[in-house]
Amino acid sequence: MDWTPTISELTGPRYQRIVDAIEADIAAGRLVRGQQLPTQRALAKALGIDLTTVTRAYTEARRRGVLEARVGQGSFVSETSARRPINLPHPVAIDLSMNVPPHPLEAQLDERIMTGLEAIRAKSGLTAYLNYQPPGGSVHEREVAARWMRARVPHAHADKLVIFPGAQTILYGLLAHLARRGDVVLTEQLTFPGIKAAAARLGVKLVGVAMDDGGILPDALAKACRTHKPRAVYLIPTLHNPTTATLSAERRAAIAKIIRDAETTLIEDDAYGLLDRAATPIANLVPERTYLATTLSKCIAPALRVAYLLTPDSGAQLEMRSCLQATVQMPAPLMVALVTHWLETGVADRIITAIRNEAVGRQQIAQRALKGFRFQSKAAAHHLWLLLPDSRPDVAAHLLRSGLAVVAGDAFAVDGSPPQGARMSLGAARNRAELAEALRILIGALHGAVHSRQIV
């Protein structure tokens, strides 16, 4: 038997000690993702305990998400800490519509959350974070965040930084601050649905600018700036949502010049920038005209609700802190404290590395499965962009009837011209096995589209 837990030094009921030993050995690397565990009968014999105790332990380990049971094969260490959703609407069995990061066991999120909160409790107590805090974060929290950001954005400083409860509040606040009802904001012709929703609520007119596989076209952006005199330009330059396009250094330089020449403002959504180490924000090229939004939602976890806004200057920072205070007051102090602890200790970077590695692995699975089909992707992206055949625009609806949820292209279209495409969020799958099943369903639907073209 390859693995036998040591439970004599642990406390609590025996079944609980077995579960604790499994979690400890995963954290220590003695158990690895996908490793098969002994059968319940074999482990009971090895430990000299009753079979029902081991059965209860394995059941509890599955409930916690550290083990998976495979019919006819046995029990295996989970690939991820994600649990199966219990409230998926019928007929969805696999939901790949939300663009979220995977949570591989290597990220050790459960353990790191507990360890981080315990460190905060030991240092200052947890109740200290149950009161009102300075809007936009304390000086210390902003200094820690700015120091962390300077690895990618050398001009990041605490007096230009505001901590927000998620990037969506940043985008809404920026549109409200920079534009008025009826004003134009330019963006890619396909863009993040969140900016569409914010603009619609505020009465700001989004105008889409042509793009190709490399992202927004600088010549088209320059022409749109001359035509519309936009109050701002909103872009996702790295691992664009939904197409995964990443702007080259040459395009970034061209866009920075366009922003400066047009005397407009860039809202740079850097949601995925931390997943691509080679990409440098456009903010580095035109800092005096850029609001840079960096969130942890796509590189660690969305429910942390911690995002950072780097403003052009300290005056703009005060304006955005005032905007934050007038709307949602502040981000959740305990979550900010946890993230700040992770940034200070290097834990955040280790989590991001584990999630980036898992994203690369999932993209490789998709690349192999979808060979021969048309799609766009990047190595570390959480999603891919399916290019659907013209004869089958209803593939997303067909997939939904088959139990797989993806997002059709019309959700991203700015000017009411939906593309023949769909976004598939690989990170949303609970594990690689579920991703493989989703790809099997997808391939079946795409083959159906191919066959339908042959009918005359």
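Normalised by the number of residues in the chain, the average gap of Cα pairs under 8 Å and 6 or more apart makes the relative contact order 19 percent. Based on protein heavy atoms only, the range 176-224 ends up with 43 Å² per residue of surface accessible to a 1.4 Å probe. Where a ≥ b ≥ c are the square roots of the eigenvalues of the C-alpha gyration tensor, would you call the range 1-131 rounded, which needs a/c under 1.5, or, failing that, prolate if a/b is larger than b/c, or oblate? Oblate, since a/c reaches 1.5 and b/c is not below a/b.
Note on Ala46 and Thr115: with the Förster distance fixed at 30 Å, the Cβ-Cβ geometry gives a FRET efficiency of about 0.50. Put a plus charge on the Cβ of each Lys and Arg, a minus charge on the Cβ of each Asp and Glu, and nothing anywhere else: the dipole of the range 262-306 about its Cα centre is then about 240 debye.
Projected onto their three principal axes, the Cα atoms of the range 194-285 cover extents of 35, 28, 23 Å, largest first. In the chain, inverting the average of 1/r over every pair of distinct C-alpha atoms gives 23.9 Å as the Kirkwood radius. Spatially, the range 121-138 and the range 139-197 are offset by 23 Å when compared through their Cα centroids. Dividing the Cα radius of gyration of the range 258-311 by its Kirkwood radius returns 1.03 for Rg/Rh. The convex hull drawn around the Cα atoms of the range 350-412, when projected onto a plane and averaged over every direction, covers 5.3 nm².
Where the centre of each part is set by its Cα atoms, how far does the range 1-71 sit from the range 392-434, in angstrom? Spelled out, the Cα-based centre of one part sits 38 Å from the other. Which percent of the accessible heavy-atom area of the chain goes to carbon and sulfur, probe 1.4 angstrom? It is 54 percent, rounded to a whole number. Separation of the alpha carbons by more than 28 angstrom is noted, of Lys223/Lys371; Lys298/Lys371; Lys257/Lys371; Lys229/Lys298; Lys196/Lys371; Lys223/Lys298, for Lys223/Lys371; Lys257/Lys371; Lys229/Lys298; Lys196/Lys371; Lys223/Lys298. The H on the amide N of Leu37, modeled in the peptide plane, is under 5 Å from the matching H of Ser75, Phe76, Val77, each at least 5 residues off or on a different chain.
Using the Cα gyration tensor of the range 116-185, with a ≥ b ≥ c the square roots of its eigenvalues, what is the shape: rounded (a/c below 1.5), prolate (a/b larger than b/c) or oblate (neither)? The shape class here is oblate.
Between the listed residues Thr115, Thr127, Gln189, the Cα displaced farthest toward the positive end of the dipole of the range 113-213, a dipole computed from Cβ unit charges relative to the Cα centre, is found at Thr127. The trypsin sites (Lys or Arg not before Pro) of the range 120-169 that DSSP puts in a loop, and whose beta carbon has at most 16 other beta carbons within 10 Å, are Arg150.
Along the Cα→Cβ direction, 7 angstrom out, place labels at Ala93 and Arg368. What is the inter-label distance in nm? Spacing of the two 7 Å Cα→Cβ label points: 2.2 nm.
Across the range 44-54, coupling constants 3J(HN,Hα) worked out from phi with the 6.51/-1.76/1.60 Karplus curve, θ = phi - 60°, read 4, 5, 5, 8, x, 10, 6, 4, 5, 5, 5 Hz, and Gly and Pro carry x. With the highest mean first, a sort of the peptides 9-16, 102-109 on other beta-carbon atoms found within 10 angstrom per residue produces 102-109, 9-16.
The values are calculated or read from the model by the stated rules, or taken from the named source; none is laboratory data. Note that this is a predicted model, so its numbers are computed, not measured. Cβ atoms come from the backbone with ideal geometry, glycine included; neighbour counts cover every protein chain shown. These area figures cover heavy atoms from the full protein model, side chains too; ligands, DNA and RNA do not enter into them. Shrake-Rupley method; radii C 1.70, N 1.55, O 1.52, S 1.80 Å.
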